[in-house]
Structures are given as structure tokens and as C-alpha cells.
Amino acid sequence: MKVQMMAAVVAVMLAGTARAADVQGPWIEARAGWDKFDGNSGLVYGGAVGYDFAVSDKIFLGLQAGLAGSTVEECFEGVCANAGRDIEVLARLGGNVAGKTALYALAGYANSRFGGSFADLNFGTNLDGLRLGAGVQQGFGGNTYGKLEYRFTSYGDGEIEGEPIEGGDRHQVSVSFGIRF
């Protein structure tokens, strides 16, 4: 998969007739999609803000920050665990491939809140992770656009109430609608 992602990034850099300036500037978006953490699935919802810079005629580099929530939950014998809020700071590198269509890769930091409950006892922890992903962005009329993204996050270990817990892997597929200013 790494080789395929690198090949796609190189193809983006060499291809296309559109200009990177077409995706330059600040933006804000809302997103929703599918979220899977350690075998349990749910919905992810949230938004992000960012800024893209034209690096060359075809290539852009962007920075973004996002906040999301998740409905992923698992209950067993009265104990429920859930994936809560998710904060991210990411960089993206991509290029325009045709018209208002851009392909890009994402990489950065994610901090997610995971919680649980048993009877009247609530507990939780934050886990830090490396987030990688790729997406396609399509410009619509005016300053609006849509995105389709895949994201993978690998979390490090943590602890709840002094007890060690293992990190895990998270997969997300989301669609976004945004406005560029």
C-alpha cells in the first residue's frame, strides 16, 4: 500500500493541467462518514479548517486542524466502551489532476478521547496517534468543494485509572463539503 500511495503522489506531481492556485487559500468544511476502531464500527462527524499553499504550478501543500466525534461503542456484560472526540493536526500534499479535481496525501497527529462506563462509574483516557490518509477533492461552482477521504490512525498505549491499555488502529472513510475563502 505504501508503494501504491507513493506512486499516486508522484503521478499527481507529474500529471494534470489544472493549477495548484485553484486550491490555494483558507477553507472550512463539515464531514461525516464511517469509523472503525478495533473491530467496532460507527459514524464519524465533525469539521476542519485549513489553509493550502501553491508550491508550484501543479502542487499544493496544506495545513489543517479538525475536531470530530464518533458513535463507535461496544458493550459487554454491563461495561461499555466508546470512542469520543478526535482532534487532529495534519499536513497534506497534493496536486490538481484535471479541471477542479485534486488528489492528496495526509499525515499528522491525532489525539482521541476514549471512554467507558460500568454502573455509575465513568472512566476515560486520551490516546495519541499517527494519522495517515489520502483523498480526492472536487471543486464545485463558486468556492465550494467536496472531498472523499480514507484515514488510518495508529494509537500508542495508554492507561485508564492506572491500568495499562493497548492502543489500537482506527480506519475512517468520510465525505466532506467545504467552502474556500
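What the table below lists for this structure:
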| quantity | calculated |
| --- | --- |
| Average accessible surface area per residue within the chain, 1.4 Å rolling probe, Å² | 52 Å² |
| Long-range amide H partners of Val72 with built H, under 5 Å | Leu43, Ala83 |
| Debye, to nearest 20: dipole size of the chain, +1 on Lys, Arg Cβ, -1 on Asp, Glu Cβ | 1240 debye |
| Length released on extending from Gln138 to Tyr109, taking residue separation times 0.36 nm less the Cα-Cα span | 7.9 nm |
| Relative contact order (percent, whole number), the chain, Cα cutoff 8 Å, 6+ residue spacing | 21 percent |
| Angle between the chain longest axis and helix 2-14 axis [Cα atoms, degrees, rounded to 10] | 30 degrees |
| Relative frequency of Cα-Cα separations exceeding 24 Å in segment 28-181, percent | 36 percent |
| Table column - 3J(HN,Hα) (Hz), segment 39-52, Karplus curve with 6.51, -1.76, 1.60, x for Gly and Pro | x, 10, 10, x, 9, 10, 8, x, x, 8, 10, x, 9, 10 |
| Highest-fluctuation residue, Ala102, Ala91, Ala81 considered, GNM on the chain with Cα pairs under 10 Å | Ala81 |
| Simple label model, 7 Å out from Cα along Cβ direction - Phe76 to Ala119, nm | 2.1 nm |
| Percent accessible area from carbon and sulfur atoms, the chain, protein chains only, probe 1.4 Å | 65 percent |
| Choice from Gly99, Gly146, Gly78 showing the highest fluctuation, given a GNM over the chain with Cα pairs closer than 10 Å | Gly78 |
| Counted charge near Gly133, where neighbours are those whose Cβ lies closer than 9 Å (Asp, Glu -1; Lys, Arg +1) | +2 |
| Exposed-loop-free span, longest in the chain, where GluC sites (Glu not before Pro) count as exposed if DSSP calls them loop and at most 15 other C-beta atoms lie within 10 Å | 78-160 |
| 222 nm mean residue ellipticity, helices alone, for the chain (DSSP H n ≥ 4; -39,500 (n - 2.57); rounded to 500) | -2500 deg cm²/dmol |
| Residues of type aspartates and glutamates that Lys100 reaches as a straight line, Cα spacing below 12 Å, ignoring anything fewer than 8 places off in the same chain | Asp22 |
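The values are calculated or read from the model by the stated rules, or taken from the named source; none is laboratory data. This structure is a prediction, so every number in the text was calculated from the model and none was measured. Because the Cβ atoms are built from the backbone with ideal geometry, glycine has one as well, and the counts that use them run over all protein chains shown. Only protein heavy atoms, including side chains, enter the accessible area calculation; ligands, DNA and RNA are left aside. Shrake-Rupley method; radii C 1.70, N 1.55, O 1.52, S 1.80 Å.
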